[in-house]
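**Q** Following this message is one structure expressed as structure tokens.
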Amino acid sequence: MEIKKKVSKKVEPSPKDLTTCDATAQMITKARKDGVELIFDRAQDMKACPIGRDSACCKHCSMGPCRLNSKDPYSKVGLCGASIDTIMARNFGRMVAAGSAAHTDHGMAMLELFRDVVNGKISDYEIKDVQKLIDVAKSIDIETTERTVQDIANDLYSELERTYTQVEGEIPFTKRVPANTLELWRKEGIVPRGAMREVMEMMHRTCIGVDQHYENLTKQISRTALSDGWGGSMVSTEISDILFGTPSPVEVELNMGVLKENMVNVIIHGHEPNLFESMVVTVGDPEIIKLAKEAGSDGINLIGMCCSGLEVFSRHGIPHAGNFSSTEAVLVTGAVDAMTVDIQCIKQGLAKVAKCYDTVFITTNYRCHLEDALHIELHEHAPRECTDEIVIRAIARFKTRTLPIEIPQIVNKGVHGFSHEYISYMLGGSFRGGYTPLNENIINGRIRGVAGVVGCNNPRSKQDYAHVELVKELIKNDILVLQTGCSQVALGKAGLTTPDAAHFAGSGLQEVCETVGMPPVLGLGACVDNSRILVAASEMVRVGGLGNSLADLPVAGCAPEWMSEKAIAIGQYFVASGVFTVFGVTFPIIENTKFHDLLFDGLEKKGFGKWGHAEDPYEMARMMIAHIDKKRKELGIDKTRERQLVDMAARRDIA
Ligand code: CUV
């Protein structure tokens, strides 16, 4: 182990101030002892640039970078004359373009895999969920009666390819958008044509000297984001379900205690489920298991992290070790024999921490290489070549382990894997499937509304704290919470994703949860699976009684600890779809500017959703509940009800 002693210049904050995750805190302490630097340390050393944070800086040409005064934003303009609104809107647009591109490129990779499975070029994967194939095909008007699976699949491929490559017209999944919402998009000229076109146009329009009106830019910002939510991401979710199976609820184990000292521990971190699916086959191979046992282990222990983990833990019951802020910390255990990464949210810092603890650190995707990582590329026509080699290298590392191992002995259990199809089945049963019971319970007030709480960790705020406190407040106030991404890992670790957690909910939501046997917090999968929330919300409109557009629903969204450009793209497609969306930590737009007013107020007046921002989770809850109550009132289903505060005793209880 090459460990360099770090000379600490300042007093280090207590690990308990950096995270509410006890396992991560334990590993921060160990890393400090070992002299190993983690993201938490870098967050102390590197202060965020205040001008960049406020988006008051433009570096779209070499006359600058131009820096405006975020305290007095209209006092200056850039060299070309660009105003603060233009600069912020362009920066925001590029964040949306980058985030949308990430989801969309991932979705396109899944669709290409599907194409080659269907045309027989790839034989290691197959169509696992034929019913889902038929349902998705029907939803975009593909004829399915008396046709072969092959024929339907071929048509589905050609239709969905338009999501990406089409240059004129509307992307296929606009057929799922409630009529009034779609009408608004058409009126505003923001129905996505194809994701590639929208991202390209967004980049063009944000170049020096092109679109310099924040209102016009905002239209393309929405159009680009919608090509992600109703396009790239939605295709990714649907195709992954068709190929690997639609998730259904299963009890899974979370937290670092899922590592086993006497086993070969292999962690998969990233976003694309194809590698993971092949890895499941590898670790089940008797020959490979034999090799692991010959090396003196009790077997191979496959574990997921971040969104990769969320894609598969409900499909295969594979344990999950933690979310974004814990990916370096887990290596500090010394127990990880190999960590493989593919795309997105892969910290470059991982390579260095892996080196300190002799973990084999492997990149597997041609799009994502890192210095100091071993690259073993996954080729979908022969995925086992990659996954077998990874496990063989992990076994070799197990055999030569020399470092002391410290695994935090914490394992939490949660029920995860709720697809929008399962929610329909669960609430109505096979006799009366559908969203009618959900709508009825919202109308009768047992459920006050629905919130999507999603997104990352950000070391600028205490890990998991805002996720957990916000969700506790929401369920206490009878708001059903749907989750994706790192947020649901936070809630899983906090024990709120079990049916038993129903007693932390308000009496109405509790009653519904107990009748159905469901948790008050439903984990729906990875970030791309936010599309499941869009589909569920559209079903709520279709079933009736809650208005005619997505903007009428008593729902709200939140990413309390966001950090990625992907989160901004997600937020914008929720806002453009009609949802009030609150972001925590920080927001890259200066208050009291015209662009801020448009995003935080003006869009709602036009019939869209709007943005909100707060750093405190209780304030986020207040804003979301107030919005839900406003929508209930507009629908005429409001009853006077007091907001319930979680008192200290109840909070301790939940923790
Ligand atoms: Ni795609 S985008 S940190 S892994 S949720 Fe987690 Fe989720 Fe954000 Fe990344």
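**Q** I'm checking a number: the convex hull volume of the Cα atoms of the stretch 256-399, normalised per residue, in Å³. What is it?
**A** Convex hull of Cα atoms, per residue: 91 Å³.
**Q** Where does the Debye-calculated log10 I(q)/I(0) of the stretch 99-161 sit at q = 0.14 Å⁻¹, using only Cα point scatterers of equal weight, no solvent?
**A** So the normalised log intensities work out to -0.41.
**Q** Considering the convex hull of the alpha carbon atoms of the stretch 148-303, report its projected area averaged over all viewing directions, in nm², one decimal.
**A** 14.9
**Q** Once you've got the Cα coordinates, tell me which of Lys47/Lys610; Lys347/Lys462; Lys47/Lys352 are over 25 Å apart.
**A** On the way: Lys47/Lys610 29 Å; Lys347/Lys462 18 Å; Lys47/Lys352 21 Å.
Pairs exceeding the cut-off: Lys47/Lys610.
**Q** Okay, helix-only estimate at 222 nm for the chain: each DSSP H run of n ≥ 4 adds -39500 (n - 2.57), divide by all residues, round to 500 deg cm²/dmol; what do you get?
**A** On the way: 26 runs with 298 residues, N = 655.
Value at 222 nm, helices only, nearest 500: -14000 deg cm²/dmol.
**Q** Something else now. Just the ratio, please: alpha-carbon radius of gyration of the chain over 2.2 N^0.38 Å, N its number of residues. It would help to have the intermediate numbers written out before the result.
**A** On the way: Rg = 24.1 Å, N = 655, 2.2 N^0.38 = 25.9 Å.
In units of the 2.2 N^0.38 Å rule of thumb, it is 0.93.
**Q** Please give the FRET efficiency for Glu261 paired with Glu389, using the beta carbon to beta carbon distance and R0 = 35 Å, rounded to the nearest 0.05.
**A** 0.90
**Q** Just add up the charged neighbours of Ala537: K/R +1, D/E -1, any other residue whose Cβ is under 13 Å from the Cβ of Ala537. If you can, show how the numbers build up before the last one.
**A** Values: positive: Arg176, Arg532, Arg542, Lys631; negative: Glu539, Asp552.
Taking every other residue near Ala537 into account, the sum is +2.
**Q** How about Lys290: which lysines have a C-alpha closer than 24 Å to its C-alpha, ignoring those fewer than 8 places off in the same chain?
**A** Partners within reach: Lys260, Lys399.
**Q** What distance in nm lies between label points placed 7 Å from Cα along the C-beta direction at Asn180 and Met203?
**A** Calculated label separation equals 3.8 nm.
**Q** Testing the spin-label approximation: label points 7 Å from Cα along Cα→Cβ at Cys80 and His369. State their distance in nm.
**A** 3.3
**Q** In the stretch 485-565, what is the volume of the convex hull around the alpha carbon atoms, normalised per residue and reported in Å³?
**A** Convex hull of Cα atoms, per residue: 121 Å³.
**Q** Take the alpha-carbon centre of the stretch 137-211, take the same for the stretch 529-593, and report the distance between them in whole Å.
**A** Each part reduced to its Cα centre gives a spacing of 20 Å.
**Q** In Å³ and rounded to a whole number, note down the convex hull volume per residue for the Cα atoms of the stretch 417-635. Mind dumping the intermediate values first?
**A** Details: hull volume 22.4 nm³, N = 219.
Here the figure is 102 Å³ per residue.
**Q** Excluding residues on the same chain fewer than 8 positions from Lys605, give the aspartates and glutamates whose Cα lies under 16 Å from its Cα.
**A** Counting by Cα, and skipping residues close in sequence, Lys605 has these aspartates and glutamates nearby: Glu183, Glu188, Glu215, Asp552, Asp597, Glu634.
**Q** So for the stretch 71-244, Kirkwood radius off the Cα pairs, Stokes-Einstein at 20 °C and 1.002 mPa s: how many µm² s⁻¹?
**A** D = 123 µm²/s.
**Q** How much of the accessible area of the chain, probe 1.4 Å, is carbon plus sulfur, in whole percent? Numbers along the way, then the final one.
**A** Working: 12400 of 24490 Å².
For the chain, the apolar C and S fraction of the accessible surface comes to 51 percent.
**Q** Residue by residue through the stretch 414-426, what is 3J(HN,Hα) from phi via Karplus (6.51 cos²θ - 1.76 cosθ + 1.60, θ = phi - 60°)? Round to whole Hz and write x for glycine and proline.
**A** Rounded to whole hertz, the list is x, 9, 10, x, 9, 7, 5, 5, 5, 4, 4, 5, 5.
**Q** Then there's this: If each of Lys59 and Lys633 carries a label point 7 Å out from its Cα toward its Cβ, how far apart are those two points in nm?
**A** The answer from the label model is 4.6 nm.
**Q** Follow-up. Using only alpha carbons, build the gyration tensor for the stretch 363-510 and give me the equivalent ellipsoid semi-axes, biggest first, whole Å.
**A** Value: 40, 21, 15 Å, ordered largest first.
**Q** Moving on. So if I place +1 on the C-beta of Lys and Arg and -1 on the C-beta of Asp and Glu, and nothing else carries charge, what would the dipole magnitude of the chain be about its Cα centre? I want it in debye, nearest 20.
**A** Values: 73 positive and 85 negative charges, 401 e Å.
For this selection, approximately 1920 debye.
The values are calculated or read from the model by the stated rules, or taken from the named source; none is laboratory data. Quantities reported herein were computed from a predicted structural model and do not represent experimental measurements. Backbone-built Cβ (ideal geometry, glycine too); neighbour counts: all protein chains shown. With ligands, DNA and RNA removed, areas are computed over all heavy atoms of the protein, side chains included. Shrake-Rupley method; radii C 1.70, N 1.55, O 1.52, S 1.80 Å.
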